[in-house]
Structures are given as C-alpha cells and as structure tokens.
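Okay, so here's the structure we're looking at.
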Amino acid sequence: MAGAGEYVQVEVVGVGKDPMERSIVVLRDAQERDLRIVIGPCEAIAIAQRLDSAFESPRPLPPDLAVGLWKRLGARLAQLRIDDMWQDIYYSKLTLLRGEEAVEIDCRPSDGIALALTAQVPIYVSDKVMDHD
C-alpha cells in the first residue's frame, strides 16, 4: 500500500482538453497541486462517465466487468498508484487484495483511474511525479 511521505492521495477533478486539443485527466492533491495526464479519447469518456453521478449504463462497461470479475474470484481492488514517469510516459500499478495476498498489476494510468473510480478506491501519486514539470 502507498506509504506516507513518498505518495500523496489525489482526487480526479475532471477531464478535458489541453491547448493542443488532446484529452487530459486532471488529478489534484491536498496541496492543490495539479497533475495533468494526456489520455486517449475513449479513456476520457470512461473516466467522465465515472465522474458523472447521473450516468447509468444498462449493461456493464469494461471497468464494471473487471471489478466484477475480481469480486467473483475473491479479490478486490485496494488502490491505484501512479509511481513513475519516463520519456513523457506515466507508469502505474493497481493493487489487488485476495485474502492476505497483495498482487500488483501494471496498467496505464487512464485505465487504472477508471477502475479506481468504479471500485471507489484511493488513487496515489508519487511525490516525484507530482513535482515533475
């Protein structure tokens, strides 16, 4: 699980477009530092749907399917950590718990954010990523 001091918890404050018209997700920590991550348009829609409390899908969407599969297998999503950035690519990991066992799964931050919002679990970002320009 994310440790104190090296990671900060963030909230997803929205999705939008950057000046170059690319889709972005905006994450904000308690110090009001923003992290903007460029994401694909489909991922932007998935995240926006999770942020819209009025949105209801008649059938399970991919994040619902993943969370449902984990639940049926006796696991649950515990957190998402965005922990690195290299050559303008962000890296993140999902932490799944099954009993006492913790399993980390590499994922794109955009997919992880949609899953974390679906499962209503915390999202953490490393300080070094938050401070990156």
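Bear in mind that the values in this text are calculations on the coordinates, not laboratory data. Nothing here was measured: the structure is a model prediction, and the numbers come from that model. Ideal geometry is used to build each Cβ from the backbone, glycine not excepted, and the neighbour counts take in all protein chains shown.
Suppose the filter is touching a strand residue (DSSP E or B) at 6+ places or on another chain (Cβ under 9 Å), in contact (Cβ under 8 Å) with a residue 60 or more places away in the chain, part of a strand (DSSP E or B) and crowded, with 16+ Cβ neighbours inside 10 Å; does residue 35 pass it? Judged against the criteria, residue 35 is a match. Screening 30, 48 for residues that are surrounded by fewer than 17 Cβ atoms within 10 Å (Cβ to Cβ), more than 18 Å from residue 89 (Cα to Cα) and among the aliphatic types (A, V, I, L, M) leaves exactly one candidate, 30. For the stretch 56-67, indicate whether the set of residues that are more than 17 Å from residue 94 (Cα to Cα), surrounded by 12 or more Cβ atoms within 10 Å (Cβ to Cβ) and of a type in the set (S, T, N, Q) is non-empty. The answer is no, given that none of the residues of the stretch 56-67 is more than 17 Å from residue 94 (Cα to Cα), surrounded by 12 or more Cβ atoms within 10 Å (Cβ to Cβ) and of a type in the set (S, T, N, Q). Against the definition (in contact with a Pro (Cβ under 7 Å, 6 or more places away or on another chain) and crowded, with 17+ Cβ neighbours inside 10 Å), how does residue 78 come out, yes or no? In short, no.
Looking at 68, 14, which is the one that is assigned to a strand (DSSP E or B) and either within 18 Å of residue 123 (Cβ to Cβ) or small (Gly, Ala, Ser) (or both)? Talk me through it step by step, then tell me what you get.
Numbers: 68 fails: assigned to a strand (DSSP E or B).
On inspection, the qualifying residue turns out to be 14.
Looking only at residues of the stretch 83-133 that are of a type in the set (A, V, I, L, M, F, W, C) and over 22 Å from residue 67 (Cβ atoms), we find that the one that is surrounded by the most Cβ atoms within 10 Å (Cβ to Cβ) is 129.
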